[in-house]
């Protein structure tokens, strides 16, 4: 996992944001947000279960939302970009320590 995360950083495929959320569970809202960021094939890693984000992402192909506790190596390399919140990164660091 550490090697994969290091490689994502080296390849500029890991994006870190302070927080990432949608106010309403609408696919159109999430799609517009990701489009504005230039993301189409992305794994979104958040610190906990985010129902609105999960519901909004379920109908978008090539977009998946997972919690920091359930990331796996295959999921990390499967997507072009990985978008992680700072809180999720801290959880992953604790898990790998």
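Below are the figures for this structure:
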{"quantity": "Label zone at residue 27 (point 7 Å along Cα-to-Cβ), backbone N below 14 Å, the stretch 45-88", "calculated": "54-64"}
{"quantity": "Computed FRET value (nearest 0.05) for residue 37 with residue 97, which takes r as the C-beta separation and R₀ as 22 Å", "calculated": "0.15"}
{"quantity": "Rg/Rh (Cα only; Kirkwood hydrodynamic radius) as it applies to the stretch 2-96", "calculated": "0.94"}
{"quantity": "Listed peptides 19-32, 75-88 by packing density, highest first (mean Cβ within 10 Å)", "calculated": "75-88, 19-32"}
{"quantity": "Length added when fully stretched, residue 11-residue 58, from 0.36 nm per residue minus Cα-Cα", "calculated": "14.2 nm"}
{"quantity": "Tilt relative to the chain, helix 27-37 - C-alpha long axis, 0 to 90 degrees, to 10", "calculated": "50"}
{"quantity": "Principal-axis tilt of helix 86-96 within the chain, Cα atoms, nearest 10 degrees", "calculated": "40"}
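FYI, it's all coordinate maths here, none of it is from the lab. Treat the numbers as computed from the prediction; the structure is a model and nothing was measured. We place every Cβ from the backbone using ideal geometry, glycine too, and count neighbours over all the protein chains shown.
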